[in-house]
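Student: So that we are looking at the same thing, I have put the structure below in C-alpha cells.
The values are calculated or read from the model by the stated rules, or taken from the named source; none is laboratory data. Just so we're clear, the structure is a prediction, and the values are computed from it rather than from any experiment. Cβ: placed from backbone, ideal geometry, glycine included. Neighbour counts: every protein chain shown. Areas reflect the complete protein model, heavy atoms only, side chains present, ligands, DNA and RNA absent. Shrake-Rupley method; radii C 1.70, N 1.55, O 1.52, S 1.80 Å.
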Amino acid sequence: MLPPVIKLLPEHLQIIQRHAESTYPEECCGLILGYMTGSVKTVVEVIPTANAWNSEAENFAENSNTHSTERRYAIAPEIMLQVQKSARDRALNIISIYHSHPNYPAVPSECDRLYAWPGYSYIIVSVQNGVASEINSWTLDENHQFQTEIIQH
C-alpha cells in the first residue's frame, strides 16, 4: 500500500505560513479544498478562516474553559458548511484542515487527535517566535492514531 500523499503548490504553503505568522501568538486555522485520486490528495485552494475557539469552546468536552486561541482552534460549523457547499458546486471537497502551533512543534496534540475526523489531512505549521518553520501533514489510521503524510510541492 502506498503511503498517503498531499500535493500542494508553493503558493499554497505560502498562504498557510503567512496566515500562521499573521495570527501569532494565537493559532490560525483554515480549510483546504481539492480532490483525491487513490491515496493522493491534490490541493486546489487554501481558505484561511477565523479561529472560532472562543465562541465554540463549549462544544468541546476537554477543558474548554482553560484554553484560549493561543493553544486551541475551532472552525465555526456555519463556515464548514458554507465552504463544503461551495466546494461541491465546483466538484471539489474539503480534503484538509490546517492550523498552527505557536512556539510548539508541528506534531499533533492529544486534543488534535481526539477531535480529528477520518479521511482528512491535518496540516500543522510550527511558528517559532512569529516565524513559520516546520510544516507537517498527518492522517488518522484505522485506530484513530495520527500517521505522517508526505507533503509534495
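Student: For the range 23-153, with the dipole built from +1 on Lys and Arg beta-carbon atoms and -1 on Asp and Glu ones, taken about the Cα centre, which of T148, I79, Y35 lies farthest toward the positive end?
Tutor: Value: Y35.
Student: Another question, if that's okay. What is the packing order of peptides 137-146, 7-16, taking the mean over residues of other C-beta atoms within 10 Å and listing the highest first? Before the final figure, lay out the partial values.
Tutor: Details: 137-146: 15.0, 7-16: 16.7.
Packing order, densest peptide first, comes out as 7-16, 137-146.
Student: Grab the beta carbon distance between Q82 and C111, set R0 = 22 Å, and tell me the FRET efficiency rounded to 0.05.
Tutor: With R0 = 22 Å, the Cβ-Cβ based efficiency is 0.35.
Student: Next question, about the same structure. Considering only V5, P48, W138, whose Cα is most displaced toward the positive end of the charge dipole of the chain, charges sitting on Cβ of Lys, Arg (+1) and Asp, Glu (-1)?
Tutor: Value: V5.
Student: Hey, another quick one. Antiparallel versus total DSSP beta bridges in the range 90-153: what percent is that, nearest 5?
Tutor: Close to 60 percent.
Student: Please list, in order, the residues from the range 118-135 whose amide nitrogen is less than 17 Å from a point placed 7 Å along the Cα→Cβ vector of T148.
Tutor: Zone members listed by number: 122-126, 134-135.
Student: Then there's this: Taking only Cα atoms, what is the 0 to 90° angle, nearest 10, from helix 77-89's long axis to the longest principal axis of the chain?
Tutor: Its long axis makes an angle of about 10 degrees.
Student: According to the Cα gyration tensor, what semi-axes, each the square root of 5 times an eigenvalue, does the equivalent ellipsoid of the range 37-153 have, listed from largest to smallest in whole Å?
Tutor: Working: eigenvalues 96, 69, 45 Å².
Rounded to whole Å, the semi-axes are 22, 19, 15.
Student: Something else now. For the chain, calculate the relative contact order in percent as a whole number, restricting contacts to Cα pairs under 8 Å that are 6 or more residues apart.
Tutor: 27 percent
Student: With only Lys, Arg, Asp and Glu charged, each at its Cβ (+1 for the first two, -1 for the last two), find how big the charge dipole of the chain is about the Cα centre; round to the nearest 20 debye. Numbers along the way, then the final one.
Tutor: On the way: 9 positive and 17 negative charges, 87 e Å.
Its charge dipole is roughly 420 debye.
Student: Moving on to the next point. R71: accessible area at probe 1.4 Å, nearest 10 Å²?
Tutor: Accessible area, nearest 10 Å²: 120 Å².
Student: Let me ask something additional. Once both labels are modelled 7 Å past Cα along the beta-carbon direction, what's the D89-L9 spacing in nm?
Tutor: 2.1 nm
Student: What ranking of Y24, Y35 comes out by heavy-atom accessible area, probe 1.4 Å, highest first?
Tutor: Ranking Y24, Y35 by accessible area, largest first, yields Y35, Y24.
Student: Taking only Cα atoms, what is the 0 to 90° angle, nearest 10, from helix 10-23's long axis to the longest principal axis of the chain?
Tutor: Once rounded, one gets 10 degrees.
Student: Considering only protein heavy atoms and a 1.4 Å probe, what is the carbon-and-sulfur percentage of the accessible area of the chain?
Tutor: Whole-percent figure for carbon plus sulfur exposure: 53.
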